[in-house]
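Novice: Below: one structure in structure tokens.
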């Protein structure tokens, strides 16, 4: 399956292998961008950082995070087509991914972020390990 079809289409099905590769790749890229951006931002004195450096280090990872949420919906929708469950699962999945990211950005309470990450992890494993729908 083409990358464009995986990331930007709700039509079709997605196998377990393709689901895991695409979801883990999206999240790994986000974590790497966020880590690099935070390290660059923290290496500068807050009073001497330019707008351009702020934009590169902080906003590009955030824009990629929005892109990741959108693509996660399309990936979950295709996987949901494969397993034949309720159509609300992909939407709930994206909201559950957004919630820990939002809490991390707002409160920096690691225990709360860890606790709120349980639902998206459980949904990821549910989507990734569920058996395909059997057609009669």
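Each reported figure results from applying straightforward, stated rules to the coordinates on display, with no laboratory input. Just so it is clear, the model here is predicted, and its values are computed rather than measured. Glycine also receives a Cβ, built like all others from the backbone with ideal geometry; neighbour counts cover every protein chain displayed.
Novice: Quick one: angle between helix 118-129 and the longest Cα principal axis of the chain, in degrees between 0 and 90, rounded to 10, please.
Specialist: For helix 118-129, the angle is close to 40 degrees.
Novice: With each pseudo-label sitting 7 Å past Cα toward Cβ, what's the residue 43-residue 107 distance in nm, one decimal?
Specialist: With each label placed 7 Å out from Cα toward Cβ, I get 3.2 nm.
Novice: Among 64-71, 85-92, how do they line up from the highest to the lowest mean number of other beta-carbon atoms within 10 Å?
Specialist: Working: 64-71: 16.1, 85-92: 13.6.
Sorting 64-71, 85-92 by mean packing, highest first, produces 64-71, 85-92.
Novice: What ranking of 73, 93 emerges when the number of other C-beta atoms within 10 Å of each C-beta is taken as an exposure proxy, fewest first? Walk me through the numbers on the way to the answer.
Specialist: Working: 73 17, 93 25.
Ranking 73, 93 by Cβ neighbours within 10 Å, fewest first, gives 73, 93.
Novice: Could you pull out which residues in region 42-66 have an amide N less than 16 Å from a spot 7 Å beyond the Cα of residue 36, following the Cα-Cβ vector?
Specialist: Taking a point 7 Å out along Cα→Cβ of residue 36, the residues of region 42-66 whose backbone N falls under 16 Å are 42-43, 53-65.
Novice: By how many nm would the segment from residue 129 to residue 25 grow when fully extended, if each residue of separation counts as 0.36 nm and the alpha-carbon distance is taken off? Walk me through the intermediate numbers first.
Specialist: Values: separation 104, 0.36 × 104 = 37.44 nm, distance 1.72 nm.
Stretched out fully, the residue 129 to residue 25 stretch lengthens by 35.7 nm.
Novice: Expressed as an acute angle from 0 to 90° and rounded to the nearest 10, what is the orientation of the C-alpha long axis of helix 60-83 relative to the principal long axis of the chain?
Specialist: It is inclined by approximately 10 degrees.
Novice: Please report 124, 5 as a ranked list, fewest other C-beta atoms within 10 angstrom at the top and most at the bottom. Please list the in-between numbers first.
Specialist: Numbers: 124 21, 5 13.
With the sparsest Cβ surroundings first, the list reads 5, 124.
Novice: Could I ask something else about it? When only alpha-carbon atoms count, how far does the chain stretch along each of its three principal axes, as whole angstroms with the largest first?
Specialist: For the chain, the Cα spread along each principal axis is 66, 34, 20 Å.
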